[in-house]
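*Asks:* Dropping the structure in here first, questions after.
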Amino acid sequence: MNEITTEKLRYSDSSSSATLTIITPTYNRAHTLSACFNSLARQTCRDYQWIIVDDGSTDGTEELIESFAADGGVPFDYIRKRNGGKHTALNSAHRYIKGKYVTVLDSDDVLAPNAVETIITEWKKYDSNQAVNVLYFYKVTPEGALFCYVDNPNTVTETYRVRRRSDMHSRDCCDVFRTELFKRYPFPVFDGERFIGEGAAFLNIELAGKGVYIDKAVYICEYLDDGLTKAGRKLRINNPLGGRYNANVYMNKKLPILIRLKNSLLYNCYSSFAGIPMIKSMSESDHLALALIGLIPGKLLYFYWKKKYS
């Protein structure tokens, strides 16, 4: 596992400090980045740093960034790196983060005009509680429909035990982390792979402490139907070491047993896609007994997916 080297910081116009850092990893999204830029320009609170990490775009993104700099409406830092996937772009941002808290704004999404103000206001309520590592804010569609909600918001809790309810397929939230926790758990990088689920790092932050679901929407994005899940499954099959790592994390004994059992199957399934021998796979699992339980079902799932997605 070797981190893909960041080329360099191409442009920096952010202040020396900020309360909130917003990271936007992007790859060939020049056609959507302007909406991100405009949503940040409309913020009611300007106490933020915007880091754009260009993951090797070839569609004129760098020229668009130059126009952002000329506009001057939003101060930002621009990093350009060799293509390695979203997770490597997030890792590359670590040493440039200036904010006390950090969140991710995808390059095809936008923030509500009061998002930064709301996030900072809510964090002030919980900042003195060092057990709180993350606040979760709701995401909505452009029409205002919630992606998910929880039954008891605004309560300090072990958030990995909280069930997110949704009428959609997605249960995404806008995660806002303490920066020191975000930096403590970088994404693993596997040679030859360009995808890993964000849960691989973010769950570790949850497991390290507590969090709060805030019943306020700050993030606006389009809802994508089950086709996204199918695409995500192919991505994981094509990047099996990342999928295997993610499944190993989700076998943690703190999680509900059904989640752990599901991921014991996935761990063995992705190990097979990666061509890892069974004995080696078992020895590398942090949850040997559970991995053994999922061995045969995981192998069957591997044969099924191999036939279905080949």
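The values are calculated or read from the model by the stated rules, or taken from the named source; none is laboratory data. No experiment lies behind these values; they were computed from the predicted model shown. Neighbour counts are summed over all protein chains in view; Cβ atoms, including those assigned to glycine, are modelled from backbone coordinates with ideal geometry.
*Asks:* I'd like the residue in the range 163-191 that is over 12 Å from the mean Cα position of the chain (by Cα) and not in a loop (DSSP other than H, G, I, E, B) and, out of all such residues, is farthest from V249 (Cα to Cα).
*Replies:* Among residues in the range 163-191 that are over 12 Å from the mean Cα position of the chain (by Cα) and not in a loop (DSSP other than H, G, I, E, B), the one farthest from V249 (Cα to Cα) is R165.
*Asks:* Still on this model: Quick check on the range 40-56. Is at least one of its residues part of a helix (DSSP H, G or I) and out of contact with any helix residue (DSSP H, G or I) (no Cβ under 7 Å at 6 or more places or on another chain)?
*Replies:* For the range 40-56, residues part of a helix (DSSP H, G or I) and out of contact with any helix residue (DSSP H, G or I) (no Cβ under 7 Å at 6 or more places or on another chain): present.
*Asks:* Quick check: is even one residue across the range 220-232 surrounded by 17 or more Cβ atoms within 10 Å (Cβ to Cβ), modelled with pLDDT of 95 or more and either more than 27 Å from T157 (Cβ to Cβ) or aliphatic (A, V, I, L, M) (or both)?
*Replies:* yes
*Asks:* Of these, R260, R194, which one is among the basic types (K, R), buried (at least 17 other Cβ atoms within 10 Å of the Cβ) and within 17 Å of the chain's Cα centre (by Cα)?
*Replies:* R194
*Asks:* Let me ask something additional. Identify, please: which residue in the range 131-143 is part of a loop (DSSP other than H, G, I, E, B) and either hydroxyl-bearing (S, T, Y) or free of Cβ contacts under 8 Å to residues at least 24 places away in the same chain (or both) and is, among those, surrounded by the most Cβ atoms within 10 Å (Cβ to Cβ)?
*Replies:* Kept after step one, since they are part of a loop (DSSP other than H, G, I, E, B), are these residues of the range 131-143: 131, 141-143.
Narrowing further to those that are either hydroxyl-bearing (S, T, Y) or free of Cβ contacts under 8 Å to residues at least 24 places away in the same chain (or both): 141, 143.
Values: T141: 15, E143: 8.
Going through the qualifying residues, I end up with T141.
*Asks:* Can you name the number of the only condition in (1) closer than 22 Å to F177 by Cα; (2) surrounded by 13 or more Cβ atoms within 10 Å (Cβ to Cβ); (3) modelled with pLDDT under 95 that S17 fails?
*Replies:* (2)
*Asks:* State yes or no: is E117 out of contact with any strand residue (DSSP E or B) (no Cβ under 7 Å at 6 or more places or on another chain) and acidic (D, E)?
*Replies:* Values: out of contact with any strand residue (DSSP E or B) (no Cβ under 7 Å at 6 or more places or on another chain): yes; acidic (D, E): yes.
Considered against the rule, which asks whether it is out of contact with any strand residue (DSSP E or B) (no Cβ under 7 Å at 6 or more places or on another chain) and acidic (D, E), E117 comes out as yes.
*Asks:* For the range 243-265, which residues satisfy the criterion of being of a type outside the set (S, T, N, Q), in a helix (DSSP H, G or I), in contact with a Phe, Trp or Tyr (Cβ under 8 Å, 6 or more places away or on another chain) and within 12 Å of S285 (Cα to Cα)?
*Replies:* Scanning the range 243-265 gives R244, Y245, A247.
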